[in-house]
Each structure stands twice: as C-alpha cells, then as structure tokens.
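Here's the structure we're looking at; comments come further down.
The values are calculated or read from the model by the stated rules, or taken from the named source; none is laboratory data. This one's a predicted model, so the numbers in the text were calculated from it and none came from an experiment. Neighbour counts run over all protein chains shown; Cβ positions are idealised from the backbone, glycine included.
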Amino acid sequence: MFFIPLYDDNPTVRTPIVTMAIIALCVLVFAWQLSLGGRGEQMAVFSFGLIPAVLFGYAELPRELQVAPAWASVVTSMFLHGGFLHIIGNMLYLWIFGNNVEDSMGRGRFVVFYLLCGTAAAMAQSIANPASEVPMIGASGAIGGVLGAYLVLHPKANVRVLMWIIIFVTVINVPALIVLGVWFIGQIWSGVSTPTSDDGGVAFWAHVGGFVAGVVLIPFFKRPSVAVLQPAHSQAFSTMPPAEAVRRRGSVPSAGSGRGPWGDPP
C-alpha cells in the first residue's frame, strides 16, 4: 500500500506568506546546493549543516569549512536538504499543514514558532548522539513542530490522501489524528529501533523533538480566540476518484472577506 497526503479540509483566512516564503527559500537553497557540484555540495553540507560533535565542542571543522559559528548551524541546517525526495516530502507536508498553523498565530509569531521547533528538533537529535560527526540537515524537525501544533488545533480535520493498493487508486479522507498520530508513533519506533551511530541516516529524534515542541508551544503562540480541537469540515473516510479530488480542491472553503472561522476579522 502506498499513500500520499494531498491537502486538508481546513479553510484559511490569511494568505500563508511565511509558509510560502519558507518553501521558496528551501527550494532556492536546494537549487544552490545542486549548482555547487558533488564536492562543493558536500562542503556546503559540512559548513552549514548541524554537526553535534562540533556544536558541543568534541570536534572542530577544518578551517576552510568554518564559515559560520557552530551555534548558527542550528538555523542554517533547517534550509538544506539531502536530495529531491527529501525536499519534496518536507515541502509537501509544510504546504498542507503550515498554512493553518500560521493562520492560528499570525506571521511574526509563526516565524519564531518555526525556528524554536527547529531548534528543539536539532537539540533532541544532537543530545541523542552528541559525539556524532555526521551533518544533520533538513526542515523535517521544524515541520514536525508544525505537525504537532496542527494536531492540537485540528485533530478532527480530514486530510485528503491518495491511496494506491496494487492497481486500486482512490482518494480518501483520513482524520489528522490518524495521519499525524501514525507518523509520530512511527518516528518514535524508528528512533528506538535504529541504533545511533556516525553512519548518518534519518534523524528520527529530531522529528520527535520538533513534534513535541509544537504540541507544547502552540497554546502559547496561537491567538486567544483560536480554539483547540476544532471540528472537521468534511466527512471522515469518504472516498472519491483522484480526478474528482483534484477538481473539488477548489470547493474547500477559501479565505474571503468577513469574519474568519474563529470569529476574528481577517
């Protein structure tokens, strides 16, 4: 079975400028990485990626790679990616879930929230293996925080998921509680079952740390008028052919004039 989340059923009041800006920045940085060539890209990853051993003072980069202070790599690492599947997956999840989280708190707070979640994710992975000399890159940890916040705000929201079972293809509404809950449990299971080493791989504890940070921080960052545990806007587990799902994408309530879904003016 293969499935891909496509979009959710939640309307937004404001255009998600910050979410789109983060996606654009990540794409531009990735294009820059590709332009460097193999060795140049590797040097960029070591210069701007987060290396726990360097952050905690157990190791030191060669002088030619010391472009920024070690602490700055906590932020710069969030905008680097290790390949097309890495960046496509991250940006898809940020696009689906980031707009509603940004809408719940406003643009300025969302920037701070995103960076704090990314920092928490980086520290969680670094503490899990502080002597690692393998660079950690990617927006996954910060996006994990977005997913955690979304789950608190919209656990009953439905995510349109493209499901492919051998030759059977359909789009099904799956509650966010299931989609994100399964994702989070999978990260914990993978983190526990995967030994920490210097061989690289997926930073599962960064995902867990970011997600937990998002759950903890969202009550302090959302606007007071924004409720948690909001209801769904469509029927859970309903299905439709993929072509119809694409056509009906525009039928999801959109931003407009008047009062927003939480009673606030846009």
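Observations
- Among the residues here, A120 does not qualify as among the aliphatic types (A, V, I, L, M), under 20 Å from G186 (Cβ atoms) and touching a Cys at 6+ places or on another chain (Cβ under 7 Å).
- Some residue of segment 122-129 being in contact with a strand residue (DSSP E or B) (Cβ under 7 Å, 6 or more places away or on another chain), of a type in the set (A, V, I, L, M), under 13 Å from I23 (Cα atoms) and in a helix (DSSP H, G or I): no
- V134 being part of a helix (DSSP H, G or I) and aliphatic (A, V, I, L, M): no
- Sole residue being among the small types (G, A, S), within 20 Å of I23 (Cβ to Cβ) and crowded, with 20+ Cβ neighbours inside 10 Å, chosen from G191, G214, G106: G214
- Verdict on A245 being at pLDDT below 90 and buried (at least 18 other Cβ atoms within 10 Å of the Cβ): yes
- Exclusive hit being surrounded by 23 or more Cβ atoms within 10 Å (Cβ to Cβ), under 17 Å from the mean Cα position of the chain (by Cα), in contact (Cβ under 8 Å) with a residue 60 or more places away in the chain and on the phi > 0 side of the Ramachandran plot, set G145, G138, G118: G138
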